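Below is one structure, written out as structure tokens; comments come after it.
The values are calculated or read from the model by the stated rules, or taken from the named source; none is laboratory data. Here the structure is a predicted model, which means the values were calculated and not measured. Here the Cβ positions follow ideal geometry from the backbone for every residue, glycine too, while neighbour counts run over all protein chains shown. Side chains are part of the model used for accessible areas, which takes the heavy atoms of the whole protein and leaves out ligands, DNA and RNA. Shrake-Rupley method; radii C 1.70, N 1.55, O 1.52, S 1.80 Å.
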Amino acid sequence: MADLVTMFAAGDASYLMPAAVLLLLLGGLALAWPALTGGEARADTKRRLKLENGPASAPAAAAARRNPDAVRAKAARTAQDFYAKSDPENVARLRMKLIRAGYLDPGAVGTFFLIRFVALGACAALAFVTVLVSGDDSSAMSRWMFVGMLGAAGYFLPGLVLSRLVAGRMREYRNGFPDFMDLMIVCSDAGMSMEAAIERVSRELQLTYPALAQNLQLVSIELRAGRGLDDSLKSLADRLSLEEVRSFATLLQQSRELGTSLSGALRVFSDEMRHKRMSMAEEKAHALPAKMSVPVTVCILPVVMMVAIIPVIVKMTGAE
């Protein structure tokens, strides 16, 4: 701390300018925080409620003001409303991506934006502190580029994490869908209806494929609420982002329209799905030698060459 005070007292412009910008950012954040949390409107509402209800509502208002979850939820909702008005298509795509990652809460979009802003500010502040503490002789432009690049990395990091989560969920859906089809065949052979079979299979898959079971339970809830089976399966296909689910919905519709055996159609479709999963596993297995060639060449081949050549070099050096 004494070094920083001495540095600022010396009046070095290369260090005073970043500090001034940091203070401006902190001041702007302090000014923007009431707008994000809706503090002004909330204070006006609380004042009117206090006048109408008397002093009995003061403890509840104080408890709500001290609750950080309420403030965070308000900020997330404000950020979501702001982006929904400015770019509704991007918000809709992000909402569907969050659903595919398993975040079904309607306020997940606002929470994602808050996490993105916090990551941006944290990475930029970390880069700024690193530049101040390091005390290198690089130019101001390079230091600002470092701060900007690290801030941009923090801004895009939540999106990358979300993409990884979506990819993991899609692998689980793709691996569990053939098992879902096999259980549907068993339920169909037992004489159960399609709605009852989906509800039963969702309970059976709860331990092995919990994400797929959760989406199937949503289908059951939609069917009990009065939604059609075709619409519920199409909604399931949008949540899972799998062509197999759309094909399954088309199969059920055609089987119902043509009057064919549902059990036989499900058995053929299940065999096709299982063959497709086996083909994907074989494709990955055949691609493994090509992927292993790079680490083998880089890590193992130099060691083998050293083991083969070094004894010859030592023997020749000893003979001389």
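Could you order 179, 238 by accessible surface area, starting with the largest, using a probe radius of 1.4 Å? Mind showing how you got there, number by number?
Working: 179 45, 238 65 Å².
So, going from the largest accessible area down, we get 238, 179.
For the stretch 136-232, state which trypsin sites (Lys or Arg not before Pro) are in a DSSP loop and have at most 14 other beta carbons lying within 10 Å of their beta carbon. Walk me through the numbers on the way to the answer.
On the way: sites: 143, 164, 169, 171, 174, 200, 203, 224, 227; in loops: 227.
Those that pass, being in a loop and sparsely packed, are 227.
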Exercise. Contour minus end-to-end for residue 306 and residue 129, with contour as 0.36 nm per residue of separation and end-to-end as the Cα-Cα distance?
Worked result: 59.3 nm
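Calculate, in nm to one decimal, what residue 241 and residue 293 gain on full extension: separation in residues at 0.36 nm each, minus their alpha carbon distance. Before the final figure, lay out each step's value.
Details: separation 52, 0.36 × 52 = 18.72 nm, distance 3.34 nm.
Length difference between fully extended and current span is 15.4 nm.
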Problem set entry | Computed lengthening from residue 313 to residue 256, 0.36 nm per intervening residue step minus Cα-Cα distance | 12.6 nm
Seminar exercise, completed: With R₀ set to 30 angstrom, the calculated FRET efficiency between the beta-carbons of residue 171 and residue 122, to the nearest 0.05, is 0.50
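Tell me the net charge near residue 279. Cut-off is 14 Å between Cβ atoms, residue 279 excluded, with +1 for each Lys or Arg and -1 for each Asp or Glu. Write down the numbers at each step before the final one.
Values: positive: 174, 274, 276, 277, 284; negative: 244, 271, 272, 282, 283.
It works out to a net charge of 0.
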For this session: Work through the residues other than residue 96 whose Cβ is under 9 Å from its Cβ and net out their charges, Lys, Arg +1 and Asp, Glu -1.
Result: +4
For this session: Specify, per residue and in Å³, the volume enclosed by the convex hull of the alpha carbon atoms belonging to the stretch 267-320.
Result: 58 Å³
For this session: With a point put 7 Å past each Cα toward its Cβ, work out how far residue 104 is from residue 206 in nm, to one decimal.
Result: 1.4 nm
